[in-house]
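The next block holds one structure in the form of structure tokens; read it before the comments.
Rule-based calculations on the coordinates, nothing more; no lab input. The model shown is predicted, which means the values in this text are computed figures rather than measured ones. No Cβ is skipped: glycine too gets one built from the backbone with ideal geometry, and neighbour counts run over all protein chains shown.
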Amino acid sequence: MNLNQKELDVVVVGAGFSGMYLLHLLRKEGYSTRVFEKGDNVGGTWYWNRYPGAGCDIETMYYCYTFSEEIFKEWTWSTSFPRQPELLKYANFVADKLDLRRDIQFNTRIVSAHFDEKINKWQIQTDDNEVVIAKYFVTALGSLSSATHMPNIKGLKDFEGEIYHTGKWPHEKVDFKGKRVGVIGTGSSGVQAIPEIAKGAEHLKVFQRSPQWVFPCKDEPPKPKEVQAMKDNFHNWRRRMDESPGGFLQENFGKPYPTFDDTREERQKLYEKLWQSRSATALLSAYTDTRTNDAANEDVANFIRSKIKEIVKDSTTAEKLLPNLLVGAKRPIFGKDYYETYNRDNVSLVDIRDTSIEITKQGIRTGDTEHELDYIVFATGFDGLTGGLLKIDILGRNDLTLWGKWDGFKDFKTNLGLTHSGFPNMFTIWGPHSTAFTNALRGLELHVEWTFQCIDYLQKHAVETIEATAEAEDEWTNFNDAIASQSLSNRVPSWYHGANIEGKPPANLMYFGDWPTYKAKYDEVASKEYEGFLMT
Ligand code: N01
């Protein structure tokens, strides 16, 4: 493929794990494809999220490509929860191995994609005003990193120090030495960054609006025997992953019966063991009813609260850190020395739950208190799932926009989380309705493989356009909404519903069921020759 070619079979936006794999599949089959990437290298999420402490919270034995036995066998992770530099190195290793870069146009943002009904093709424009025509338009933006969320806090423009966002971290090292730093946000990104920033800063103030449950996880080098066994039994191991509820294997240390069948002492003993395990998220499955019975959930909650009070020496700070949420309703946050960090002399916690917050020239004002700062780090998350898509001017049939189609989120729907009626030959990989509780790497492999097979089918059957029917979209969305209504996650609004973005109307933006059901749905639609789609 040559990068000057103006007419292509497929345009892909994004050179993260999804875009890289799709490029590999399409190119192998001879389809002319170009990936456009706004950054200057591959890696997507792990290219942008390079803040101190950034790392993976899924064990990397599972957070890696599984489509190639060769790649799987060649790569060995150094630790169970690797940090961003190693994850980025992995993305580069795969890009080199598959020689992907020659078909990726870096430093290029796609600004618009318009479906031209006269030729049944997409006209795609870059920020350099280059226009490319393609039969298929595929977004591979990831679910989060393409749209960082900067809250609209009064005075933001006045600050005379430096401002950073965890999701758009500079490539150069940020030196915190001798600096007074404020971090706003205590979700997954903040919890990973805070202990690392604290090690370098003169003083760190954490501005916390909502305390959340943080589960300790331990970095351990993978046991060579276990790694070898996985490599030797690759196919069997991949099959077992697909049979598991989250697309990765988890040893279940919990009890196969409800919480209150055990005495208080027995429960405490089990909770303690799970807290000390490699990942304390094991507590979420301590008993069969931990996530379904409120009293059982509160029992685990009380245990974690007692651990926070035990770890954090200053009782006022400990009190501020105690969450009052259902355990497991929001995406679990993994921490390394998070609570311990509040025992450092150079760290303090500012509770902003009930206080006004304003940015000033010198720092942050909360109520009547002025906090002087040199740097402010926003760990305030992302406009997830739809934010990146809506930043591109996408027009389907009759100049339909996604925003218009979704009636400003009042009528949010997709078909399979991958296709959209009114938008022929367009696929949105790992975007809206991707799965909330699944190992993302395995999940996006499914989206990529399904998209590739669909394109290949259309090409081999001389189909000009494919488009989801409105009925199929309703059916899929109702199916997901019904699952969501039973989910613990629906009881606590989060980015899963767009609740973290001021003014974004709530919708079930993710798929809330288990992985085998999700995968079975995709397989079923493909096996029925794309039931629920119109083809011309
Ligand atoms: O973002 P978040 P994140 N004033 O939205 C606070 C993935 N991830 O980047 O809870 C003050 O969870 C907000 O407060 P509150 C993972 O899927 C994965 O941390 O809304 N505070 C919250 O504390 C994760 O779920 C890894 O009250 C404000 C924080 O900012 C997802 O990314 C690592 C505010 C935002 O938390 C998002 O995590 C990191 C305001 N105006 C992230 N606005 C892995 O390890 C927001 N906040 C793979």
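Computed values, structure above
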item: Region 202-259 versus region 346-424: alpha-carbon centroid distance in Å; result: 28 Å
item: Members of Lys405/Lys460; Lys168/Lys391; Lys223/Lys336; Lys205/Lys313; Lys157/Lys504 lying beyond 27 Å, as alpha-carbon distances in this model show; result: Lys405/Lys460
item: Cα gyration tensor, region 425-521 - rounded (a/c under 1.5), prolate or oblate; result: prolate
item: Where GluC sites (Glu not before Pro) fall in DSSP loop in region 452-488, at most 15 other Cβ within 10 Å; result: Glu464
item: For region 262-308 and region 52-86, distance of Cα centres in Å; result: 28 Å
item: Pair-distance profile P(r), taking every C-alpha pair of region 1-70, with 5 angstrom steps and integer %; result: 3, 14, 21, 21, 17, 12, 7, 4, 1
item: Prolate/oblate/rounded call for region 27-117, Cα gyration tensor, a/c under 1.5 rounded; result: oblate
item: Under 11 Å, Cβ to Cβ, from Asn478 - net charge with Lys/Arg +1 and Asp/Glu -1; result: -4
item: Amide H partners (placed H, <5 Å) of Val350, local residues excluded; result: Val206, Phe207, Gln208
item: 17 Å Cα-Cα reach of Lys519 towards lysines, excluding residues that sit fewer than 8 places from it in its own chain; result: Lys528
item: Set of lysines near Lys255 by C-alpha distance (under 19 Å), chain-local residues within fewer than 8 positions excluded; result: Lys269, Lys273
item: Degrees, to the nearest 10: 264-275 long Cα axis against longest axis of the chain; result: 60 degrees
item: Rounded, prolate or oblate (a/c below 1.5 giving rounded, otherwise prolate when a/b exceeds b/c) for region 246-396 by Cα gyration tensor; result: oblate
item: Signed unit charges on C-beta, dipole axis of the chain, positive-most listed residue Leu389, Leu488, His235; result: His235
item: Magnitude of the charge dipole, region 356-434, Cβ model with Lys/Arg +1 and Asp/Glu -1, debye to 20; result: 520 debye
item: Total charge dipole magnitude, the chain, about the Cα centre, Cβ charges on Lys, Arg, Asp, Glu only, Debye to nearest 20; result: 880 debye
item: Unit charges at the beta carbon, dipole of region 1-142: most positive-side option, Leu22, Ser32, Cys64; result: Ser32
item: Under Karplus coefficients 6.51, -1.76 and 1.60, residue-wise ³J(HN,Hα) of region 8-18 in Hz, glycine/proline x; result: 10, 6, 9, 10, 10, 9, x, 10, x, 4, 5
item: Hits among aspartates and glutamates - C-alpha to C-alpha of Lys73 under 12 Å, sequence gap 8 or more where chains match; result: Asp232
item: Under the Karplus curve 6.51 cos²θ - 1.76 cosθ + 1.60, θ = phi - 60°, whole-Hz ³J(HN,Hα) for region 253-261, x wherever Gly or Pro sits; result: 8, x, 9, x, 8, x, 3, 8, 6
item: Tail beyond 43 Å, pair distance distribution of the chain (Cα, percent); result: 18 percent
item: About the Cα centre, charge dipole magnitude for region 18-153 (Lys/Arg +1, Asp/Glu -1 at Cβ), debye; result: 140 debye
item: Spatial separation of Cα centroids for region 477-533 and region 134-188, in angstrom; result: 27 Å
item: Nonlocal amide H pairs with Thr419, under 5 Å, H built at 1.01 Å; result: Thr428
